[in-house]
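J.: Can you keep this structure in mind? I'll have questions shortly.
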Amino acid sequence: RKPAPIQVTAWGFAHGTGCPEIDYFLADPVAVQQDERQHYAEKIVDVPCIVTYEPPAYEISGKSALPYHKNGVITFGSYARYEKLSDDCLSTFAEIMRRVPDARLEFKDHGFRRPYSIRRVQAAMPDIAPERLLFSIATSHQEHMQTYQQADIILDPFPHTGGVVGMEQLYMGVPVVTLYGTQPAGRSTSSVLTAMGRKEWIARTRDEYVDKAVALAADIPTLTKVRKTLRQELLDSPVVKDYAAAVEKAYRTMWLQWCA
């Protein structure tokens, strides 16, 4: 059924629907490449980014000291949903931990209330000392936002990337390394980083993902500097600035075409 003359899918479900009753899918050239568009039931309409971000209403600082300076070791963070931690993702994290032998990796999600979830992560990294893997459970949103700043570097999950969590982490001033996926839900962080001008944190292969994480872990001056600028980079980027106007312009074009 088609209760409206024009129907559009966007944001919450970062993919096409496969339904010819849906006329448009709001995306961008990073999320949906030009040579893939013929496979979608919808017409792809480009907006500045496949996702957008609205900061929380409460005040919370986007600048913080680099944890490395206090801890003396790099702390990687993985704060997306446990369900996004695929076997390939965990094995890639394990390789990063081998390459940065004194680093820690912190996980946080309600899924870690289950002992099984912790055991699965540990089993995927059998040669990584248990004390290097940190686990905590869900908290209030404000506390969760502050938790991001306990990490020096965020490791984005795959094949389904962090989504809103990825933008929250950048808003809190923490760099995110991501793997460019094979479909839009695996490319949302890449879309955001491209719009921000931070394509250097996007990997095209698992090996490149490892290399980028390891290289960034060794670049303490860059890690220190970006924590002071990332929030403003996000807010000044098309991910946030004038995003609504771009969407309204797209709606207007759709309507005029329908009227014609």
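The values are calculated or read from the model by the stated rules, or taken from the named source; none is laboratory data. Predicted model, so just to flag it, every value in this text is computed and none were measured. When we count neighbours, we look across all protein chains shown, and the Cβ atoms used for this are built from the backbone with ideal geometry, even at glycine. The protein model used for the area step is the full one, side chains on, heavy atoms only, and it has no ligands, DNA or RNA in it. Shrake-Rupley method; radii C 1.70, N 1.55, O 1.52, S 1.80 Å.
J.: Along the charge dipole of the chain, which of Tyr82, Ile96, Leu170 sits closest to the positive end, that is, farthest toward it, with unit charges on the beta carbon of Lys, Arg, Asp and Glu (+1, +1, -1, -1)?
T.: Tyr82
J.: Report, to the nearest whole %, how much of the accessible area of segment 1-102 belongs to carbon and sulfur atoms, 1.4 Å probe, protein only. Don't skip to the answer; put the middle values down first.
T.: Details: 2760 of 5290 Å².
So the carbon and sulfur contribution to the accessible surface is 52 percent.
J.: If I fit a long axis through the Cα atoms of helix 115-124 and take the longest principal axis of the Cα atoms of the chain, what angle between them do I get, 0 to 90°, rounded to 10?
T.: With rounding to tens, the tilt is 80 degrees.
J.: Suppose the chain between Thr182 and Thr229 were pulled fully straight at 0.36 nm per residue; how much longer would it get relative to their current alpha carbon spacing?
T.: Details: separation 47, 0.36 × 47 = 16.92 nm, distance 3.00 nm.
Full extension from Thr182 to Thr229 adds 13.9 nm.
J.: Rounded to the nearest 0.05, what FRET efficiency do Ala4 and Glu95 give with R0 = 45 Å and r taken as the Cβ-Cβ distance? Could you check?
T.: Working: r = 48 Å, r/R0 = 1.08.
The pair Ala4/Glu95 has a calculated efficiency of 0.40.
J.: If I model a spin label as a point 7 Å beyond the Cα along the Cα-Cβ vector, how far apart are those points for Ser86 and Ala244 in nm?
T.: Going by the 7 Å Cα→Cβ label model, 3.6 nm.
J.: With a point put 7 Å past each Cα toward its Cβ, work out how far Glu36 is from Glu59 in nm, to one decimal.
T.: Result for the modelled spin labels: 4.2 nm.
J.: Another one. Can you give me the Cα centroid spacing of segment 92-152 and segment 35-81 in angstrom?
T.: 18 Å
J.: Under the classification rounded if a/c is under 1.5, otherwise prolate if a/b is larger than b/c and oblate if not, where does segment 207-250 fall, given a ≥ b ≥ c as square roots of the Cα gyration tensor eigenvalues?
T.: Numbers: a/c = 7.94, a/b = 2.07, b/c = 3.84.
Because a/c hits 1.5 or more and a/b fails to exceed b/c, segment 207-250 counts as oblate.
J.: Could you rank the peptides 33-39, 241-247, 184-190 by their average count of other C-beta atoms within 10 Å per residue, with the highest value first?
T.: On the way: 33-39: 10.3, 241-247: 14.1, 184-190: 24.6.
Highest-to-lowest ranking by the protection proxy: 184-190, 241-247, 33-39.
J.: Accessible area per residue of the chain at 1.4 Å probe, in Å²?
T.: On the way: 12330 Å² over 260 residues.
Per-residue value: 47 Å².
J.: Give me the distance in nm between label points sitting 7 Å out from Cα along the Cα-to-Cβ direction at Arg206 and Ser136, one decimal.
T.: About 3.0 nm separates the two model spin labels.
J.: Assign unit charges at the C-beta atoms only (+1 for Lys and Arg, -1 for Asp and Glu), then state the dipole size of segment 40-123 relative to its Cα centre in Debye, rounded to the nearest 20.
T.: Working: 13 positive and 11 negative charges, 93 e Å.
Magnitude of the dipole: close to 440 debye.
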